[in-house]
Amino acid sequence: MLKIITIFFFTILFFKANADDGYRLWLKYDLLKNTSQKSEYKRFTNFIDNQFGESTIVNTAQKELKNGLAGMLGIALQSSSKKVGGIVLKKDLTIPKEGYKIQNIGGNIIISAQTDKGILYGIFDFLRQIQTESSISTINISSSPKIQLRMLNHWDNVLGTIERGYAGSSLWKWYELPENIDPRYLEYARANASIGINAVVLNNVNASARFLTKEYLAKVKALADAFRPYGIQVFLSVNFASPKILGKLKTSDPLDPQVRAWWNNKAQEVYSFIPDFGGFLVKANSEGEPGPQEYGRTHADGANMLAEAVKPFNGLVIWRAFVYGPDPKGDRFKEAYNDFKPLDGTFAKNVIVQVKNGPIDFMPREPFHPLFGAMPRTPLAMEFQITQEYLGFSTNLVFLPLLFKETLETDTYATGKGSTVAKVIDGSVHNYPITAIAGVANTGSDRNWTGHLMSQANWYGYGRLAWNHEISPEQIADEWIKMTLTKDQSSHKIVKNILLKSRETYVNFTNPLGLHHIMGQSIHFGMEPWLEKSARPDWTAIYYHRADSLGIGFDRTSKGNNALGLYAQEVQNQWNNPQKMDLNYLLWFHHVAWNQKLSTGKTLWDELCARYYTGVTEVEKMQNEWNQVKSNVDAEIFEDVKGRLAAQHREALNWRDACVLYFQTYSKQPIPAPFKKPERTLDEMKKIVEIYQLK
Ligand code: GCW
């Protein structure tokens, strides 16, 4: 009997240990099965010799190395007097800060760096080589980040909610801090370090002044202390009206001496808690947030005041360019440009202006923001959104490195051909002295961190691209799949195919041909192309798609509002001819007749329908393909992704039916063969969306 109970107990333990809830992300370190690879690795893992020197960060790195190798190879790495067959950490002052080299020199793996962060990143890379079962016998890697500040921006609120968060609530338990350090904080920092993220903004840009109080600074300090061993610096979003709210001053005018004194003192206080604090992120004069324009001052006046306050401590001010006036007469596309372009060269040296990838707002596809390339004398940071606000929350599988890469690779022609967005933000086009990139985080308290397990790949991919924007989405997918999901080759191929098609699929069933901003009102879920009234005209859908009896699309050419004119001439040339341009951006810039023949040979109406319908069949394909990997991925993960794909299919059908039926009221044309007309009516579709708007 005892034997049976024991067997039962161990069986349960075994299955528990093997069930995967996604918590371990891409850092699983499970025992490798490939014995020939394992023996190759073992030849170099007899000992560790730290010739670099001790530091908290180096200790973190060594611990990681030991854990990783213990897990994957089943060996314990020891310090030893042996000379060959080990891992040696070395200092090399010729390597750029944070960069590293990994080489086989004389039978040892040498990981060298100038700084301790370099050692940390080098070790994570070395572990990644083993996780992905790459050969290390002739390893020769030399890597350094192209962008200095690689940040996550959290839109987390004081009460634990996350603006546009779809993976549970905030990771930060403000009420338990500073006394209680949830072990998850360390896991979070570790995951970030593994992909080279070196800075985080803890709180929402719609910022509560609470974070600047003494009580909360003590909490922020506790998090900063937890993250520091992983090379992560902490920033805060600040409320521009803090002098009024916290300091009880009559004004927050950036030119007022009392206001300036208040910020100077506040900065001093912040740094007394956190000596290596990164600085402030600011959303000002946007969507109701306070800002300098309330006092007739410019964004530069506001930013420079804060810059002065943090300067003695080497702090930075990251000032967001996501602004649009409260009463839009014009097109939101142009507003940030019009506000910021004239200010080029007037910002203090420790200010970076953070620009969203596109001119409207994280749509499934946007042309690059016209500010990129237009601010040669002001460092611009890229802001991507990893959380899927406009990309179907946590129910839709969308591999975002494709979107990121598309923007990064687009040529701004700022200083001639080859001035890609990536080269603007990495500083090579305009020689920016500081460079930064930010991703709005998709993490939350869900056990698997990101809600949809496949969205872990977006966190991972963002970090990898922030480190090196030249890496391909294919490589990112390869690495992530091997580390997270499966090492089985045929399943790997299938999952990779799913990832690489997923973004276009999502665009097809939601916003094909350059449609944008036709999503459900305020929650930004589902579709609402018929939305014609909102608090502001530019919060409606009709403002953007402009469908009428003649055609559809926003004429932003010189015949329309000429937003296209904000780009370099070469870019304008690419996009000003609807016959020749990339159809993916068509309706961003042109109002096109329903019967207009496109370069695909189809009329606009037929092409639009074809894309909506193909989008849905592509989701069906993803579902079928996912079913094929069942035996090679963890059962829990398999079921979870399967369920979410089914939800995505339902949503895709909703988008398709709603959009084709609605646009049909303008085109007055049948759904083209071979597609069947929707079984539901437009009224039925409207009812579905109404549900999401109910409070
Ligand atoms: O995308 C929009 C979101 C807002 C967000 C804003 C911004 C934090 O709908 O929720 O606010 O952008 O980026 O400031």
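Could you list, in sequence order, all residues of the range 381-406 that are more than 16 Å from the ligand (Cβ to nearest atom) and over 19 Å from LEU645 (Cβ atoms)?
Result: PRO401, PHE404, LYS405, GLU406.
Take LEU371 and decide whether it is within 16 Å of the ligand (Cβ to nearest atom), in contact (Cβ under 8 Å) with a residue 40 or more places away in the chain, in contact with a Pro (Cβ under 7 Å, 6 or more places away or on another chain) and of a type in the set (A, V, I, L, M, F, W, C).
Spelling it out, it is not the case that LEU371 is within 16 Å of the ligand (Cβ to nearest atom), in contact (Cβ under 8 Å) with a residue 40 or more places away in the chain, in contact with a Pro (Cβ under 7 Å, 6 or more places away or on another chain) and of a type in the set (A, V, I, L, M, F, W, C).
Among what's in the range 632-653 and is open to solvent by 60 Å² or more (accessible area, probe 1.4 Å) and free of Cβ contacts under 8 Å to residues at least 60 places away in the same chain, pick the residue that is nearest to THR600 (Cα to Cα).
ARG650
From the list VAL282, VAL323, VAL317, which one is buried (at least 20 other Cβ atoms within 10 Å of the Cβ), among the β-branched types (Val, Ile, Thr) and more than 16 Å from the ligand (Cβ to nearest atom)?
One residue alone meets the criteria, VAL317.
Given the criterion closer than 24 Å to TRP155 by Cα and either open to solvent by 20 Å² or more (accessible area, probe 1.4 Å) or in contact (Cβ under 8 Å) with a residue 12 or more places away in the chain (or both), identify the matching residue among ALA438, ALA422, ALA477.
Details: ALA422 fails: closer than 24 Å to TRP155 by Cα; ALA477 fails: closer than 24 Å to TRP155 by Cα.
Every option except ALA438 fails the conditions.
In the range 50-84, what residues are at pLDDT 95 or above and over 18 Å from LEU27 (Cβ atoms)?
Once the filter is applied, which keeps residues that are at pLDDT 95 or above and over 18 Å from LEU27 (Cβ atoms), the range 50-84 yields ASN50, GLN51, PHE52, GLY53, GLU54, SER55, THR56, VAL58.
Could you please find all residues in the range 514-567 being open to solvent by less than 10 Å² (accessible area, probe 1.4 Å), of a type in the set (D, E, K, R) and away from the ligand (no atom under 16 Å from the Cβ)?
ARG556
When you check PHE211 against the structure, is it at pLDDT 95 or above, closer than 21 Å to GLU289 by Cα and either in contact with a Gly (Cβ under 8 Å, 6 or more places away or on another chain) or not assigned by TED's automatic domain parsing to the domain that holds LEU306 (or both), yes or no?
When the stated conditions are applied, PHE211 does not pass them.
Report, by residue number, each residue of the range 195-208 that is open to solvent by 10 Å² or more (accessible area, probe 1.4 Å) and not in a loop (DSSP other than H, G, I, E, B).
none
Being of a type in the set (Lys, Arg) and under 32 Å from the mean Cα position of the chain (by Cα) is the filter here, so list the residues in the range 569-627 that pass it.
Of everything in the range 569-627, those that are of a type in the set (Lys, Arg) and under 32 Å from the mean Cα position of the chain (by Cα) turn out to be LYS580, ARG611, LYS621.
Could you please find all residues in the range 147-166 being open to solvent by 10 Å² or more (accessible area, probe 1.4 Å) and touching a strand residue (DSSP E or B) at 6+ places or on another chain (Cβ under 9 Å)?
The answer is GLN148, LEU149, TRP155, ILE162, GLU163, ARG164, GLY165.
The values are calculated or read from the model by the stated rules, or taken from the named source; none is laboratory data. Model, not experiment: these values are computed from the prediction. Every residue, glycine as well, gets a Cβ built from its backbone with ideal geometry; the counts of neighbours run over all protein chains shown. Protein only, heavy atoms only, side chains kept; ligands, DNA and RNA dropped before computing areas. Shrake-Rupley method; radii C 1.70, N 1.55, O 1.52, S 1.80 Å.
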